[in-house]
Amino acid sequence: KAGVTQTPRYLIKTRGQQVTLSCSPISGHRSVSWYQQTPGQGLQFLFEYFSETQRNKGNFPGRFSGRQFSNSRSEMNVSTLELGDSALYLCASSGGSGEKLFFGSGTQLSVL
Amino acid sequence: GQNIDQPTEMTATEGAIVQINCTYQTSGFNGLFWYQQHAGEAPTFLSYNVLDGLEEKGRFSSFLSRSKGYSYLLLKELQMKDSASYLCAVREAGAGSYQLTFGKGTKLSVIP
């Protein structure tokens with residue numbers, strides 16, 4: 001069974017640009033969560049989608065948005081990039097009655 | 001809201017035992033997770049505790065005391081490959097939520 005797949009693996013953008021990150025969950029998993037990981041703050045919850053609906057949202061500005069498609073694949077978008085958005089963005093999927101999250105390898109975003 | 005504390009770094013010797021502590025404060029508790037993350041890789045699930053007591057899984061054990069807001073991860077017979085960051089995470093009470101609040105992680109270095 002394939003794991004959680006995130007693309008691209010690395011991204012370099014400049015301030016003011018926007019970026020879209022993609023996540024394909026494990027087959028059969030309907031919940032997809034997004035986290036931001038930085039050395040100073042650790043992993044911080046961005047949002048969670050289940051069956052194309054956002055169920056929870058963390059304390060991030062509206063520049064951070066996401067969506068989920070009918071096949072459970074998810075995208076997150078960050079508009080008007082700031083230097084502080086440089087981070088590893090991790091996607092995690094979960095499904096069935098399991099409680100644990102399965103993480104992808106992440107997208108390393110660098111904002112110059 | 002939730003606050004999770006764990007030591008920033010620890011060093012232990014190959015073959016020894018190490019205990020990584022985690023304390024948390026939360027308004028609603030619905031489970032505690034431990035994840036392992038090697039540098040540049042995705043976090044991987046180690047253990048889940050929702051009731052008080054010890055959960056053992058091979059060389060890894062995790063303990064929870066809900067009344068004390070305290071957990072620890074015990075690693076036995078340390079191997080060099082155990083050098084990684086160990087993340088403590090708490091799930092808030094709430095139906096259908098896969099939102100986790102993570103501590104900043106404990107970087108464990110195993111030395112010969």
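Please go through region B:43-62 and pick out each residue that is among the aliphatic types (A, V, I, L, M) and more than 26 Å from residue A:4 (Cα to Cα). Listed by number, the residues that qualify are B:51, B:54. Just so you know, in region B:63-104 the residues that are out of contact with any Asp or Glu (no Cβ under 8 Å at 6 or more places or on another chain) and aromatic (Phe, Trp, Tyr) include one that is least open to solvent (accessible area, probe 1.4 Å), and it is B:86.
Of all residues in region A:15-33, those satisfying the criterion of being open to solvent by 70 Å² or more (accessible area, probe 1.4 Å), more than 14 Å from chain B (Cβ to nearest Cβ) and in contact (Cβ under 8 Å) with a residue 40 or more places away in the chain are A:15, A:17, A:18.
When the residues of region A:36-61 are narrowed to those that are over 18 Å from residue B:98 (Cβ atoms) and polar (S, T, N, Q), which ends up nearest to the other protein chains (Cβ to nearest Cβ)? It comes out as A:41. If you scan region B:12-56, which residues turn out to be assigned to a strand (DSSP E or B) and either among the aliphatic types (A, V, I, L, M) or free of Cβ contacts under 8 Å to residues at least 12 places away in the same chain (or both)? Across region B:12-56, the qualifying residues are B:12, B:18, B:20, B:32, B:44, B:46, B:53, B:54, B:55, B:56. Taken together, A:37, A:44, A:68 contain a single residue that is polar (S, T, N, Q) and open to solvent by 50 Å² or more (accessible area, probe 1.4 Å), which is A:44. Here residue B:107 meets each of (1) more than 11 Å from chain A (Cβ to nearest Cβ); (2) under 24 Å from residue A:107 (Cα atoms); (3) touching an Asp or Glu at 6+ places or on another chain (Cβ under 9 Å) with one exception, condition (1). Where residues in region A:74-99 are open to solvent by less than 10 Å² (accessible area, probe 1.4 Å) and in contact (Cβ under 8 Å) with a residue 60 or more places away in the chain, which of them is farthest from the other protein chains (Cβ to nearest Cβ)? Looking at residues that are open to solvent by less than 10 Å² (accessible area, probe 1.4 Å) and in contact (Cβ under 8 Å) with a residue 60 or more places away in the chain, I get A:81. The listed residues are A:69, A:102, A:64, and the only one of them that is among the hydrophobic types (A, V, I, L, M, F, W, C) and at the interface with chain B (Cβ under 9 Å from one of its Cβ atoms) turns out to be A:102.
The values are calculated or read from the model by the stated rules, or taken from the named source; none is laboratory data. Since this is a predicted model, take the numbers as computed values, not measurements. Here the Cβ is made from the backbone with ideal geometry for all residues, glycine too, and neighbour counts use every protein chain on show. SASA here: full protein model, heavy atoms, side chains in, ligands and nucleic acids out. Shrake-Rupley method; radii C 1.70, N 1.55, O 1.52, S 1.80 Å.
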